[in-house]
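Structure first, then comments.
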Amino acid sequence: MKQEKTQMKDFLENISVLQAVLTLPLLGPACIGLMVYLMFTSLWLLPTLYFIWQLKDRHTPERGGRRTAFVRNWKVWKLVRDYFPMKLVKTAELNPNKNYILGCHPHGVLSVGAFTTFTTEACGFMDLFPGVRSCLCILSGLFKIPLYREYVMATGCCPVSKPSLKHLLSKSGKGNALVIIIGGAAESLLSVPGVNAVVMKQRKGFVKVALEFGADLVPVYSYGENDMFRQVIFSEGSVGWRLQQLCKKIMGFAPCLFMGERWFWMPYHCPVTIVVGSPIPVPTRPSPTQEEVDHYHGLYMESLVKLFNEHKVSCGLSDSHELLIT
């Protein structure tokens, strides 16, 4: 009987992870296809009314969105957590009377670790940091996709745009933890098992925003994120490489060709540990100088390297493993 339950749980974990992985790249196009299809059927009034409502509601994502505890607490997310398994590690307190910008590294292929940790309660973020609300900031274009926008807002996601960040840091009270995957599309192309590389040296916009609103900076590292999939790396100048660069320029993200452990897109069973570092105090500077931005950007990079080195051995890496920063 015990073995049967174990097999059932394994099955449920696999199905849960598969839906989560497929949702990230495919749900958006599916929603667009559904709305276009309905426009040419007798149900054309439904998408028409929705588009009218979406136009009226277009500013909601940049005004905090519509997060719901119901979606964030779905049991399916705990099954996703247990599949790898995945855990969240706290190294310092976050004061609920302050706001924070959490820089999450690395991007990985699909940022499954960041999504599970900060848009759901599967890893217990609110239990570890009482009074602090996590908000994963993602591409603004995703909030223009009909129906899909409702799903990502329900998880607590918001656009990574200046108006959105400004609203969250100045008009939504205190205790906001804005999570930004700093490396973005460029970093996703560096996602290779056994390699820990981040795109960081020229990414300073988040530091400027932190200074403008006095939000403390917090480095976050997701050990194991790059081990979930096996990505096909195209050589620079090849047709595949040029297509990725073109998509990144037009759409803001670079599509990756990757494979999982089985069923093509099923990620490998690899432990994933998301470590939240200590906050870096940041003063309020409505018009920060470039010198100030560079100074706190340097402090952030030093803190990220320190965090990586302090936890790499306990998270399965060798003591000689180095963090590559480009």
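Miscellaneous remarks
- Taking θ as phi - 60° and the Karplus parameters 6.51, -1.76 and 1.60, the scalar couplings of the stretch 27-36 work out to 5, x, x, 5, 5, 5, x, 5, 5, 5 Hz in sequence order, x denoting glycine and proline.
- Rolling a 1.4 angstrom probe over the protein heavy atoms with all chains in place gives the stretch 274-326 an accessible area of 55 Å² per residue.
- Using a probe of 1.4 Å, the accessible surface attributed to residue 321 totals some 40 Å² when neighbouring protein chains are kept in position.
- Annotation: per residue accessible area for the stretch 1-144 equals 54 Å², rounded to a whole number [probe 1.4 Å, protein chains only].
- Under the simplified labelling scheme, the residue 44-residue 73 pair shows an inter-label distance of 4.4 nm, with each label point 7 Å from Cα along Cα→Cβ.
- For the stretch 11-164: rounded, prolate or oblate by the Cα gyration tensor [a/c cutoff 1.5]: oblate
- A Förster radius of 41 Å combined with the Cβ-Cβ distance from residue 294 to residue 6 puts the calculated FRET efficiency at roughly 0.15.
- Euclidean distance between Cα centres, the stretch 251-326 to the stretch 156-198, Å: 11 Å
- Within the shell of other residues whose beta carbon sits under 12 angstrom from the beta carbon of residue 106, the net charge comes to -3, with Lys and Arg scored +1 and Asp and Glu -1.
- Whole-Hz Karplus values for the stretch 110-117 come out as 10, 6, 5, x, 5, 5, 5, 6 Hz, taken residue by residue from phi with 6.51 cos²θ - 1.76 cosθ + 1.60 and θ = phi - 60°; glycine and proline positions read x.
- Protein accessible area in the chain, 1.4 Å probe - carbon and sulfur %: 63 percent
- Cβ-defined net charge surrounding residue 283, 11 Å radius [Lys, Arg +1; Asp, Glu -1]: -2
- Our coupling estimate for the stretch 17-25, obtained by passing each phi through the Karplus curve with A = 6.51, B = -1.76, C = 1.60 and θ = phi - 60°, is 5, 4, 5, 5, 5, 6, 4, 4, x Hz, Gly and Pro reported as x.
- Taking amide H atoms as placed 1.01 Å from N in the peptide plane, the amide H of residue 89 lies under 5 Å from those of 274, 275, 276, each 5 or more residues away in sequence or on another chain.
- Largest GNM mean-square fluctuation among 174, 56, 87, using the chain with Cα springs under 10 Å: 56.
- Most mobile listed residue (40, 206, 129) in the chain, GNM with C-alpha springs under 10 Å: 40
- All lysines inside 28 Å of residue 98 as judged from Cα atoms, apart from same-chain residues fewer than 8 positions distant: 87, 90, 162, 166, 171, 174, 201, 204, 208, 306
- Helical content of the chain, expressed as a calculated mean residue ellipticity at 222 nm, amounts to -13000 deg cm²/dmol (DSSP H runs of 4 or more residues, -39,500 (n - 2.57) each, divided by residue number, nearest 500).
The values are calculated or read from the model by the stated rules, or taken from the named source; none is laboratory data. As the structure is a prediction and not an experimental result, all values here were calculated from the model. Reconstructed Cβ throughout: ideal geometry from the backbone, glycine too, with neighbour counts over all protein chains shown. These accessible areas exclude ligands, DNA and RNA; they are computed on the full protein's heavy atoms, side chains included. Shrake-Rupley method; radii C 1.70, N 1.55, O 1.52, S 1.80 Å.
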